[in-house]
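Notes follow once the structure below has been shown.
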Amino acid sequence: MSRQSEADNGTAATEAIPDCPRCHKPMPLCVCDGITPIETRISLLILQHPQEQDRALGTARLTAMHFASAVLKIGLSWPSLSRALGGPVADPSRWAVLYLGSAKVADLETDRDIVAINRKGEIEDNQRAILKDIEGIVLLDGTWSQAKALWWRNAWMLKCKRVVLGPKQPSRYGALRREPRADGLSTIEAAAMLLARLLCFLDAV
Ligand SMILES: [Zn+2]
C-alpha cells in the first residue's frame, strides 16, 4: 500500500468522534454548556449498572449534572445507602427508590402520577405524609434487566420507601430506547418528574 492510499484510508470515516470529558457523550451530542445545576431540597442518588453503555441515549450523567444535589455512582453493589452516597444518611426510610417491580400506577386505584407503594405492591395509606417526608431518591440506571440486578444486589434498598411513576406523557426518548423501563421514562425524565412532584408536597406543608 502506498503512503498516499494509507493516508486516504485514515481520514474522516474511521476517525473516532471525541467524547466530552464532562458528560462522556460524543461531542456533537454534548449540551454541557447549556446546563446550570438546579438546587433542590431533595437529594438524588443515581446508581448506574457498569454495563450500561448507551452513550448516545443514556441520561444518567446528564441528570447528575442538572441537579446540584445529585450523585452518580457506577457499580453493582454497595453495603449501605450511606456508602453508596458517600456521606451520612440519618434515616434511610426517608429515602425512596423508584421501584421497577410489577406494580403499575395504571393498575392501582389512583389518579396520582407518583405513588408510594408497600412491599406487596399496594398503595400505602398515607401518601401525603410519606411523600412529603422524602429527603432523597434512588434511581437505578440501565436497561430493565440491569436495573433489576441492581435492585437485587443492594439489600439496603429494602429500608427505603418505594415509589412508582405513572407518566401521563409518553417518553420523549420513547421508541429509541432498546429496553424501556416499565414506566417508559429515561432516567432524566424520571428524575425531573419525581423532583417536581415531591417538591410540591414540601411546598404544600
Ligand atoms: Zn458534555
Keeping to the stretch 135-156, report how many residues are surrounded by fewer than 22 Cβ atoms within 10 Å (Cβ to Cβ) and either basic (Lys, Arg) or over 15 Å from the mean Cα position of the chain (by Cα) (or both).
6
Considering the stretch 114-124 alone, what residues qualify as being modelled with pLDDT under 90 and surrounded by fewer than 16 Cβ atoms within 10 Å (Cβ to Cβ)?
ARG119, LYS120, GLY121, GLU122
What pairs come up if the first residue lies in the stretch 15-27 and is farther than 12 Å from MET65 by Cβ, the second is within 7 Å of the ligand (Cβ to nearest atom) and part of a loop (DSSP other than H, G, I, E, B), and their beta carbons are under 8 Å apart, counting only those six or more places apart or on different chains?
ASP19/LYS25; PRO26/CYS20; MET27/CYS20
With in contact (Cβ under 8 Å) with a residue 40 or more places away in the chain and among the basic types (Lys, Arg) as the only criterion, which of ARG94, ARG83, ARG61 stands out?
ARG94
Can we say PRO167 is assigned to a loop (DSSP other than H, G, I, E, B), closer than 26 Å to PRO37 by Cα and at pLDDT below 75?
yes
One residue from ALA106, ALA7, ALA56 being in contact with a Leu (Cβ under 8 Å, 6 or more places away or on another chain), at pLDDT below 85 and open to solvent by 40 Å² or more (accessible area, probe 1.4 Å)
ALA56
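Conditions (1) at pLDDT 85 or above; (2) within 16 Å of the ligand (Cβ to nearest atom); (3) surrounded by fewer than 17 Cβ atoms within 10 Å (Cβ to Cβ), marked per residue:
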site	(1), (2), (3)
PRO18	yes, yes, yes
LEU29	yes, yes, yes
CYS32	yes, yes, yes
HIS49	yes, no, no
PRO79	yes, no, yes
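The values are calculated or read from the model by the stated rules, or taken from the named source; none is laboratory data. Remember, it's a predicted structure, so these values are computed and weren't measured experimentally. Here Cβ is always computed from backbone atoms with ideal geometry, including for glycine, and neighbour counts include all displayed protein chains. Heavy atoms of the whole protein, side chains included, go into the accessibility calculation; ligands, DNA and RNA do not. Shrake-Rupley method; radii C 1.70, N 1.55, O 1.52, S 1.80 Å.
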